[in-house]
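Here the structure comes first, spelled out in structure tokens, and everything after it is commentary.
The values are calculated or read from the model by the stated rules, or taken from the named source; none is laboratory data. Computed from a predicted model, the values in this text were never measured in an experiment. Here the Cβ positions follow ideal geometry from the backbone for every residue, glycine too, while neighbour counts run over all protein chains shown. Surface accessibility is based on the protein's heavy atoms, side chains included, excluding ligands, DNA and RNA. Shrake-Rupley method; radii C 1.70, N 1.55, O 1.52, S 1.80 Å.
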Amino acid sequence: MDPNIIGLIIAGILFAAPVVIVIAIVLFVVFKVKSKVSQFERESGIKIEPKKFVDDLKGSPVMQHAPASLNGMDKIYVPMIKKEFPDLDLSAVFSHVEMVMKTYLDCIEEKNTSELENKMVVAPVLVQKAQAIITDLQSQNKTVYYDNIVIHKSVISDYVKEKGLATISFQCAVGYLNHVEDQNGKMLRGSKEISEETVYVLKYSRVINQELAKQSGEVDVLAVSCPNCGAPIPRGSVARCPYCRTEFHNMTEDVFAWAFTDIKEKNLMTKKIF
């Protein structure tokens with residue numbers, strides 16, 4: 001055979017080999033993906049339509065951006081908190097975190113704090129903060145909307161004891177459709193279609209030293225719990241428990257309940273409403 005022809009054949013083989021390898025890899029990946037999809041469909045009973053799935057993903061407001069990252073310190077603080085407050089049910093507190101977070105935003109949108117006031121784990125000072133925001137919005141004839149609220153994750157980010165209080169800070173990765181309108185319905189900021197992802201910090205506190213808390217003024221922002229039934233009671237508002245009718249006189253650290261005292265966005269620069 002002509003050496004030139006042999007050379008051409010060898011060159012062709014050398015050129016085609018990488019292409020064949022790439023095609024083989026692509027086919028293998030496609031096969032594995034289809035295999036996984038088929039397995040999921042068999043186990044879940046859900047039929048996945050690739051094009052529709054991608055279109056839905058692109059059009060879904062809550063999928064426009066990845067959830068914001070959190071500074072979780074649970075491994076450090078949870079053992080400390082459990083040791084110092086063995087009766088505190090942290091799993092229940094985490095559920096309260098998400099409930100209070102959503103209620104707080106809903107109250108601001110509705111310009112009504114009654115739902116927040118009815119949550120026994122909320123301190124009066126937090127209700128007052130929400131009311132101040134509502135009053136500010138009303139003075140500017142603005143309405144802020146929080147739609148499709150999603151709490152992606154909540155973590156403990158800090159735990160401190162100061163000014164006579166023990167305070168656990170929680171971070172929440174929150175997603176929502178957020179926009180502001182004026183009194184005529186004109187949109188001033190935000191979007192009805194593209195979600196925002198941000199982080200809110202919630203503070204959960206109780207009195208551990210009444211004298212220090214009095215000196216710092218912090219004792220007045222918390223709630224007390226009935227020594228008989230344990231229900232949280234706003235401090236100074238009543239002399240008798242409205243639930244079991246027990247009278248209470250001397251306030252000690254034991255009657256102070258845990259309560260959410262503050263909510264704020266971690267990065268205030270991202271919020272352009274107030």
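A few comments on the model shown:
- What the phi angles of the stretch 199-210 give under the Karplus curve with 6.51, -1.76 and 1.60, with θ = phi - 60°, is a coupling list of 10, 10, 10, 10, 9, 10, 10, 7, 6, 10, 9, 5 Hz, glycine and proline written as x.
- Here is the list for the stretch 138-193: GluC sites (Glu not before Pro) lying in DSSP coil, each with at most 10 other C-beta atoms within 10 angstrom of its C-beta, are E193.
- Rounded to the nearest Hz, the phi-derived 3J(HN,Hα) couplings of the stretch 86-98 under the Karplus curve 6.51 cos²θ - 1.76 cosθ + 1.60 (θ = phi - 60°) are x, 8, 7, 8, 5, 5, 5, 5, 4, 5, 5, 4, 5, where x marks glycine and proline.
- Mean accessible surface per residue for the stretch 86-170, computed with a 1.4 Å probe while every protein chain stays in place, in Å²: 46
- Carbon and sulfur %, accessible surface of the stretch 115-201 computed with the full protein complex present, 1.4 Å: 44
- Calculated P(r) of the stretch 86-136 - Cα pairs past 14 Å, %: 50
- Residues L188, L137, ordered by accessible area of protein heavy atoms at a 1.4 angstrom probe radius and largest first, appear as L188, L137.
- Spread of Cα-to-Cα distances over 5 Å intervals beginning at zero, given as percent, for the stretch 115-177: 4, 12, 12, 19, 26, 15, 8, 4, 0
- For the residue pairs K142/K186; K119/K203; K83/K163; K161/K203; K82/K266, alpha carbon separations beyond 18 Å are given by K83/K163; K82/K266.
- Given a 1.4 Å probe and the protein chains as shown, R245 ends up with an accessible area of around 140 Å².
- Gyration tensor verdict on the stretch 55-213 (Cα atoms; rounded if a/c is under 1.5, prolate if a/b is larger than b/c, oblate otherwise): oblate
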